[in-house]
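This report concerns only the one structure given below.
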Amino acid sequence: MNMKKITMAHGSGGKATNDLIKNLIVENFSGSILGNLGDSAYINLCGDLAFSSDSFVVQPEFFPGGDIGELSVYGTCNDLAVSGAVPMYLSFSLILPNGYIMDDLEKIVKSAAKAADEVGIEVVCGDTKVINSHSSNTPIINTAGIGVMGASLNDYSKIKPGDKVILTSDIARHGMAIFSARKELELENSIQSDCGNLYSIFEKTGYDGIKFSRDATRGGVAAVLHEISDKISAGFYLYENMIPIQEDVVYLCEFLGFDPLVVANEGVAVIISEAKKAQKILNKIRQTKMGRNASIVGEVYETNNVVMETKIGGVRTVEMPSGDLLPRIC
Amino acid sequence: MKLTVDFKNPELAKSLIDKISAEVFDEKSYNIMEICGTHTVSIFRYGIRSVLPENVNLLSGPGCPVCVTSQGEIDAIFEILAKTDICVLTFGDLMRVPGSRGESLEDMQSEGYDIRVVLSPLDAVDIAEKEPDRNFVLVGIGFETTAPAIAASVVSAEERSLRNFYLLAYNKTMPEVIKFLLNDSKLNVDGFLCPGHVSVVTGEEIYFSLPENNKAAVIAGFEPVDILSSILYIIYQINRNEFKVYNNYSRAVRREGNIKAKKLLEEVFVKCTASWRGIGQLKNSGLCLNKKYEHFDALKVFDVDPRPAIAKEGCRCGEVLKGYILPKECSMFGNGCTPEKPFGPCMVSTEGACAAYFKYSS
Ligand code: SF4
């Protein structure tokens, strides 16, 4: 079979590039702004804006529960969503390895388009380049997004002892899905990435009572809580038995020697809310598909550290993740 | 699967905590050493120290594979890399261990050296088979736990007639280090939490010297209920002065161990002297490749000798491993030595006592 592949010509700016953009990119992302193919996209927005950008390098690019296409859209939209913005416009840029299989690229673009539709964000501009496959053998995607602010959820000074900490979903699924997708582990894996649209949660809850929120991606929930506690004079007290996590995820984490709190998520927000309104917010979060496993996992407390009461009633510090997760000897 | 859930049962754990409190005598102190990195981590992750009476002290012994690997053994990896264009295959834990000159495998990797993390020794053989034009060295570290899989990788490489796969055979064994601890007059330990995973392979026999020397010995699993009940049994033994090896992990450990795994070790390895960090050379405590498999021996093929350096100057890891000091007593702790920029190996591995103290106790 003659499989169509990406060649250097697809990044040259000539006909091959144009065809790729027209037939693959414009074709899949609906919207007239992109279709215009001008040097810039004209957009019209009013009010305070949020602007966020992220680059995505994931290996393997297709993993249980998702792929780099949807991840690159959700990732940036989630950053906007947890910042209190309504995601409006997105750029989508591909850096493709020479020789990359066209069918796979099409799958990636289609799933990115589907994710954009789901969030309700319009892809308005982008770029495509081709690099030597020695530099990377999987696509690299950069997206940047603009959103209109609904509330500022990035103000540390609002956080006060007594506030509640909500996790919008069960943790550590994305990191463990990526690990289990590595064929060396030979796991019959049932762990699916949690990669998804966090805006759906804020659409449901609104912003009443929510003081602060952040996306718990790399470094997991632990990194987020440590980053916050570094900026404020208070800290966090968590209850292990309240932390939502799937049983198979617990086992894989134990097997590899990871604390689930430091493992990456792609569909979990940490929300800090007024104590009085926490339960109400939680109830709403649980009505969404993304948030059905949400839980109140702890509270802000006076001491400036991050600790957790374990299931057996012990207390320990939650580690600040350092560097890449390296599996232990097993 | 259900089994494990029960061993995490909070009510059961709490009743054990109460029993421990009731059993200890206030005026006595109980020093209990774990000799397994996985126990070290479990004890911290479940916050077990914080629920025990103050006079029950848990010490981390020489049970973390990365930590006990001597400096000379680490340096030999760098020497091979400097000498030949070769790919080093390693377990993730070793990536940040600094060599004598301060550089780690992670640093070397970013300088362009070919260093890859493998999750199991058999992956290493697969990789070597896939790239026949490249030479590969697997850094084989660990105790009786990892040794069978490493032995299996060597057998598999032989069966596939691979001649581009080599092993740094650094595996160490428990009985001799236990003997070393027992002969150490400075050792202040009343009982041992014996390593569950090692015991799966070795069986109970390797601990018989402990009760003979009036030390409590309980083979323990890794869930909170496993660890707490084992601590309770150790305290029983100490209080009654009746010492014996008690297998409290019988759901995984058989008295005689895993015969098949032991046979595999005999097939591939021969006992040899190994250098332990901070402890020194211990006769018969290492597993070297035997004559039949010596063509896989990276030390011989690349003609390197793990230099005698057993420790890194300034790092007190050795004293930590012998239970003489707590990590916090090392002046480098958190101050020139952190998990991001470790100075010594006990700060590198998640299972290292220094790293565990740094991460989990404020
Ligand atoms: S704190 Fe660092 S330098 Fe000190 S003993 Fe531990 S590993 Fe060695």
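The values are calculated or read from the model by the stated rules, or taken from the named source; none is laboratory data. Quick caveat: nothing in here was measured; it's all calculated off a predicted structure. Using ideal geometry, Cβ is built from the backbone for each residue, glycine included, and neighbour counts are taken over all protein chains shown. With ligands, DNA and RNA removed, areas are computed over all heavy atoms of the protein, side chains included. Shrake-Rupley method; radii C 1.70, N 1.55, O 1.52, S 1.80 Å.
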Task: Rounded percent of accessible protein surface that carbon and sulfur make up, region A:156-317, 1.4 Å probe - done: 47 percent
Task: Length gained when the stretch B:Arg101-B:Lys19 is fully extended (0.36 nm per residue, less Cα-Cα span) - done: 24.5 nm
Open item on the list: Given the whole protein assembly as supplied and a 1.4 Å probe, what does the accessible area of B:Val24 come to in Å², nearest 10?
Closed with: 10 Å²
Task: Reduction of at least 40 Å² in accessible surface, 1.4 Å probe, comparing all protein chains with the chain by itself, residues of region B:112-153 - done: B:Leu119, B:Asp123
Open item on the list: Run the numbers for B:Ser209 and B:Glu111: contour at 0.36 nm per residue of separation, minus the present Cα-Cα distance, in nm.
Closed with: 30.5 nm
TODO: For chain A, return all DSSP H helices satisfying: extent of Cα atoms along own axis at least 15 Å; mean Kyte-Doolittle hydropathy at least 0.5.
DONE: A:68-82
TODO: Compute the long axis of helix B:259-268 from its Cα atoms, compare it with the longest principal axis of the Cα atoms of chain B, and write down the angle in degrees, 0 to 90, nearest 10.
DONE: 30 degrees
- [ ] Measure of size requested: the Rg and Dmax of region A:8-149, with Cα atoms as the atom set and Å as the unit; please supply both.
- [x] 14.6, 45
Open item on the list: Given the whole protein assembly as supplied and a 1.4 Å probe, what does the accessible area of B:Leu299 come to in Å², nearest 10?
Closed with: 40 Å²
TODO: Along Cα→Cβ, 7 Å out, is where each label goes; now give me the distance between the ones at B:Glu54 and A:Tyr42 in nm to one decimal.
DONE: 7.6 nm
Task: Using alpha-carbon coordinates, inclination of helix B:224-240 to the longest axis of chain B, degrees - done: 60 degrees
Task: Label-reachable residues, region A:119-143, where backbone N falls under 16 Å from a point 7 Å from A:Lys5's Cα toward its Cβ - done: A:130-139
- [ ] Could you state the accessible area per residue of region B:15-122 in Å², with a 1.4 Å probe and every protein chain left in place?
- [x] 33 Å²
Task: Approximate spin-label separation B:Lys341-A:Asn23, in nm, with each point projected 7 Å along Cα-to-Cβ - done: 5.3 nm
Task: Listed residues B:Glu79, B:Glu329, B:Glu294, most fluctuating in chain B (Gaussian network, C-alpha, under 10 Å) - done: B:Glu329
- [ ] State whether region B:177-330 is rounded, prolate or oblate according to the following rule on the C-alpha gyration tensor (a ≥ b ≥ c being the square roots of its eigenvalues): a/c under 1.5 gives rounded; otherwise a/b larger than b/c gives prolate, and the remaining case gives oblate.
- [x] oblate
TODO: Report the paramagnetic label zone for A:Met102: residues of region A:12-52 whose backbone N is under 18 Å from a point 7 Å from Cα along the Cα-to-Cβ axis.
DONE: A:12-29
- [ ] Work out from phi, with θ = phi - 60° and the Karplus expression 6.51 cos²θ - 1.76 cosθ + 1.60, the ³J(HN,Hα) of each residue of region B:276-290, listed in order in whole Hz, and give x for Gly and Pro.
- [x] 10, 4, x, 10, x, 7, 10, 4, 6, 9, x, 10, 9, 5, 7
Task: Accessible area of region A:8-149 belonging to carbon and sulfur atoms, whole % at 1.4 Å probe - done: 49 percent
Task: Principal axis box of the protein assembly as shown, alpha-carbon based, largest edge first, Å - done: 84, 64, 44
Task: Minimum 20 Å² accessible area buried by the other protein chains, region B:9-27 residues, probe 1.4 Å, relative to alone - done: B:Pro10, B:Lys14
Open item on the list: Taking the full set of protein chains and a 1.4 angstrom probe, give the accessible area of B:Lys14 in square angstrom, rounded to the nearest 10.
Closed with: 90 Å²
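Answer rounded, prolate or oblate for region A:174-260, using the Cα gyration tensor with square roots of eigenvalues a ≥ b ≥ c: rounded when a/c is under 1.5, else prolate when a/b is larger than b/c, else oblate.
prolate
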- [ ] Would you mind giving the average projected area, over all directions, of the Cα convex hull of region B:181-225 in nm² with one decimal?
- [x] 3.6 nm²
- [ ] Per residue of region B:31-48, in order, report the coupling 6.51 cos²θ - 1.76 cosθ + 1.60 (Karplus, θ = phi - 60°) as ³J(HN,Hα) in whole Hz, putting x for Gly and Pro.
- [x] 9, 10, 10, 9, 10, 7, x, 5, 5, 3, 5, 4, 4, 6, 4, 8, x, 5
Task: Extended-chain gain in nm, criterion 0.36 nm per residue less alpha-carbon gap, B:Glu313 and B:Glu129 - done: 62.3 nm
TODO: Just tell me how shielded B:43-51 is by partners: mean number of partner chain Cβ atoms within 10 Å of each residue's Cβ, no decimals.
DONE: 6
Open item on the list: Using Cα springs under 10 Å in a Gaussian network model of chain B, which residue among B:Asn171, B:Asn55, B:Asn284 shows the largest mean-square fluctuation?
Closed with: B:Asn55
Task: Sequence of B:Leu122, A:Leu45 when ordered by accessible area, the most exposed leading, probe 1.4 angstrom - done: B:Leu122, A:Leu45
Open item on the list: I want to verify the translational diffusion coefficient of chain A in µm²/s; compute it with Stokes-Einstein, Rh as the Kirkwood radius over Cα pairs, at 25 °C and 0.890 mPa s.
Closed with: 118 µm²/s
TODO: Starting from the Cα of A:Ser12, move 7 Å in the Cα-to-Cβ direction to define the label point; list residues of region A:140-157 whose amide nitrogen is under 17 Å from there.
DONE: none
Open item on the list: Residues of region B:84-104 losing 20 Å² or more of accessible surface, assembly versus chain alone, probe 1.4 Å, please list them.
Closed with: B:Phe91, B:Gly92, B:Asp93, B:Arg96
Task: A versus B: buried accessible surface, summed, Å² (probe 1.4 Å, to nearest 100) - done: 3000 Å²
TODO: Could you calculate the FRET efficiency of B:Asp85 with B:Lys263 from 1/(1 + (r/R0)^6), where r is the beta carbon distance between them and R0 is 56 Å, rounded to 0.05?
DONE: 0.95
- [ ] Leaving ligands, DNA and RNA out of it, report the carbon-plus-sulfur percent of the accessible area of region B:262-335 at a 1.4 Å probe.
- [x] 52 percent
- [ ] Enter the mean number of other protein chain beta carbons within 10 Å of the beta carbon of each residue in A:302-313, as an integer.
- [x] 5
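What whole-number value in Å² describes the accessible area per residue of chain A for a 1.4 Å probe?
For chain A, the solvent-accessible area averages 43 Å² per residue.
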Open item on the list: Counting only other chains, and only Cβ atoms inside 10 Å, what mean value do you get across the residues of B:352-360?
Closed with: 3
Open item on the list: I'd like the Kirkwood hydrodynamic radius of chain B, using the inverse of the mean 1/r over distinct C-alpha pairs, in Å.
Closed with: 21.0 Å
- [ ] Classify region A:156-317 as rounded, prolate or oblate, taking a ≥ b ≥ c as the square roots of the eigenvalues of its Cα gyration tensor: rounded when a/c is under 1.5, otherwise prolate if a/b is larger than b/c and oblate if not.
- [x] oblate
- [ ] Using a cut-off of 12 Å between beta-carbons, work out the net charge of the residues near B:Thr173 (Lys and Arg +1, Asp and Glu -1, B:Thr173 not included).
- [x] +3
- [ ] Report the FRET efficiency, 1/(1 + (r/R0)^6), for B:Lys244 and A:Met149, where r is their Cβ-Cβ distance and R0 is 60 Å, rounded to 0.05.
- [x] 0.30
TODO: Divide by every residue of chain A the summed helix terms, -39500 (n - 2.57) for each DSSP H run of at least 4, and state the resulting mean residue ellipticity at 222 nm, rounded to the nearest 500 deg cm²/dmol.
DONE: -8500 deg cm²/dmol
Open item on the list: Using only the heavy atoms of the protein chains and a 1.4 Å probe, how would B:Cys64, B:Cys315 rank by accessible area, largest first?
Closed with: B:Cys315, B:Cys64
Open item on the list: With θ taken as phi - 60° and the coefficients 6.51, -1.76 and 1.60, list the Karplus ³J(HN,Hα) couplings across region B:112-118 in order, rounded to whole Hz; mark glycine and proline as x.
Closed with: x, 5, 8, 10, 10, 8, 10
